[in-house]
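These notes concern the structure reproduced below.
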Amino acid sequence: MAGNSQRRNRRTSNKKGATVGSGGQRRRGLEGKGPTPPASERKGHKKNRLAGAVAKRAAARRPAPRRGGPKGTNELVVGRNSVVEALREGVPANTLYVQQFLDNDERVREALQLATEKGLNLMEAPRPELDRMTNGLNHQGLVLSVPPYDYAHPEDLTAAAYDGGQDPLIVALDGITDPRNLGAVVRSVSAFGGHGVVVPERRAAGMTASAWKTSAGTAARTPVARATNMTRTLEAYQKEGLMVVGLAADGDVELHELEALEGPVVIVVGSEGKGLSRLVGETCDFRVRIPMPGGAESLNAGVAAGVVLYEAARRRA
């Protein structure tokens, strides 16, 4: 009898529905849960997924590595004229070395004044020490030390554009070895509202003091990123939705016909002599030519980039 009673009790306890002493749980379940949260906070909603992706990308974004040269290696600008020009153009130097017992002239005085105004370290050194530092170059008693450039990561350029609510406008340089061309491109990107420049890590111009001077100070606000492999970087941009447009004298599309400039785009500029490398050229979605009624075979890389950036800015205005 006792066993039958226990079985009946177990069956009764498994019944669904309200039980005595429920504390009004069902009544509370019928109460409202407050206002509907915004779409960006509702799990599974498209805007929630987008917000999550943006947050994840921001969290995973790497700090910009200092890869301007071997660790601890600074670039040296030597000679009175070169040093004064670098200081005038805002090249990010950290130390000015001045030869002991140096004859004073206008350039020396201006260099000392600019270095003091910028808060640089001033170091006096004997001539043999400056000769050793510069490997015997004609330093004329002035040597400016420039730390390695702080390069961005290619993903940082698109992230900055999207964070600002804009379609990315990026220039990638393929085989450009003259730092003055790099500086000119940086200046054009800044002038026409671009979001940065990408250069290869090897066998290409980097952000040297010469590039800084040619950029006329715009390098301070226009990031330059380094790509370990340019082809893979361009493919990664394509996966993000950017169109890759290569400039080529034998391109299939003329610049004024290219509607892709109105959206997210990477403009690839090759070297003046060889143009685009084979793999980079094959990666491009479009190969575009700039009409030149005057008959010139090619344009300087900085000029070509400026022409295309102007057309992109005109279409986006």
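The values are calculated or read from the model by the stated rules, or taken from the named source; none is laboratory data. Note that the structure is a prediction, hence the values are computed from the model and not measured. Note that we place each Cβ from the backbone using ideal geometry, even for glycine, and neighbour counts take in every protein chain shown. Ligands, DNA and RNA are stripped out before the accessible areas are found, and what is left, the full protein with its side chains, is counted by its heavy atoms. Shrake-Rupley method; radii C 1.70, N 1.55, O 1.52, S 1.80 Å.
Points to keep in mind about this one:
- Residue check, VAL244 modelled with pLDDT of 95 or more and out of contact with any Ser or Thr (no Cβ under 7 Å at 6 or more places or on another chain): no
- Flag if LEU279 is of a type outside the set (Gly, Ala, Ser) and surrounded by 14 or more Cβ atoms within 10 Å (Cβ to Cβ): no
- Subset of the range 263-306 [charged (D, E, K, R) and in contact with a Ser or Thr (Cβ under 7 Å, 6 or more places away or on another chain)]: GLU272
- Only one of ARG316, ARG289 that is of a type in the set (D, E, K, R) and within 21 Å of the chain's Cα centre (by Cα): ARG316
- Helices (runs of 4 or more DSSP H) contained in the range 170-272 and holding at least 2 residues in contact with a helix residue (DSSP H, G or I) (Cβ under 8 Å, 6 or more places away or on another chain), buried (at least 19 other Cβ atoms within 10 Å of the Cβ) and among the polar types (S, T, N, Q): 179-191, 209-214
- Count of residues meeting criterion [modelled with pLDDT of 90 or more and either acidic (Asp, Glu) or assigned to a strand (DSSP E or B) (or both)] in the range 94-105: 6
- Per the conditions (1) within 20 Å of VAL245 (Cα to Cα); (2) of a type in the set (Asp, Glu); (3) in a strand (DSSP E or B), the sole criterion not satisfied by ASP167 is (3).
- In the condition set (1) modelled with pLDDT under 90; (2) in a loop (DSSP other than H, G, I, E, B), GLY119 is compliant with all but (1).
- Selection from the range 301-316 of residues that are open to solvent by less than 60 Å² (accessible area, probe 1.4 Å) and under 21 Å from ASP174 (Cα atoms): ALA301, GLY302, ALA304, ALA305, GLY306, VAL307, VAL308, LEU309, GLU311, ALA312
- Condition met for LEU144 (in contact (Cβ under 8 Å) with a residue 12 or more places away in the chain and part of a helix (DSSP H, G or I)): no
- Matching entry among ALA115, ALA211 (being closer than 20 Å to ALA301 by Cα, among the small types (Gly, Ala, Ser) and either out of contact with any Phe, Trp or Tyr (no Cβ under 8 Å at 6 or more places or on another chain) or touching a residue at least 40 places away in the same chain (Cβ under 8 Å) (or both)): ALA211
- Filtered residues of the range 73-91 (kept if over 13 Å from LEU114 (Cβ atoms) and assigned to a loop (DSSP other than H, G, I, E, B)): THR73, ASN74, GLY79
- Within the range 62-93, restricting attention to residues that are touching an Asp or Glu at 6+ places or on another chain (Cβ under 6 Å) and surrounded by 13 or more Cβ atoms within 10 Å (Cβ to Cβ), the residue that is modelled with the highest pLDDT is VAL84.
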